[in-house]
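Throughout, read-outs are computed from the coordinates displayed, never taken from laboratory work. Here the structure is a predicted model, which means the values were calculated and not measured. Ideal geometry is used to build each Cβ from the backbone, glycine not excepted, and the neighbour counts take in all protein chains shown.
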Amino acid sequence: MGNAKNCLMGLFMLWWAFLSFNAGGTFGISEYKWNYASRATVTTITSSFGGGVGGIGGCFIIFKGKMRVGYIVNSIYSSLVAITGELFKNFYNSTTKTQHIVSLIFGAKKSV
């Protein structure tokens with residue numbers, strides 16, 4: 001990683017792209033579809049938080065308290081990718097609890 005500021009700016013831009021992709025994957029906001037779009041957006045946001053927490057925990061354990069921006073950003077990316085697949089695979093019958101567990105596991109796994 002060359003520059004931490006550029007890395008975080010790229011994370012921010014891709015985070016917005018994941019938000020719009022996951023919300024747009026519900027195919028509209030007409031009638032009651034806005035409920036699905038809002039649920040997909042909230043799940044994406046909380047998934048990125050879970051990946052960040054997993055990455056911070058992984059950095060704390062592996063690097064003995066020193067935080068590495070690259071590892072935390074990669075863990076957030078991996079949680080976003082993991083939740084996108086989980087969100088579209090089981091959108092109508094999965095619970096948000098299982099989706100948060102998936103994002104936390106993938107976030108911690110990527111930082112290792």
query = Can you name the condition, by its number, that GLY2 falls short on among (1) part of a helix (DSSP H, G or I); (2) closer than 18 Å to TYR77 by Cβ; (3) not β-branched (Val, Ile, Thr)?
reply = (1)
request  = Could you list, in sequence order, all residues of segment 49-82 that are loosely packed, with under 15 Cβ neighbours inside 10 Å and in a helix (DSSP H, G or I)?
outcome  = PHE60, ILE61, ILE62, GLY70
request  = Taking TRP34 as meeting all but one of (1) surrounded by 14 or more Cβ atoms within 10 Å (Cβ to Cβ); (2) farther than 18 Å from ASN74 by Cβ; (3) among the aromatic types (Phe, Trp, Tyr), write down the number of the exception.
outcome  = (1)
Filtered residues of segment 23-38 (kept if in contact (Cβ under 8 Å) with a residue 24 or more places away in the chain and part of a helix (DSSP H, G or I)) = TYR36
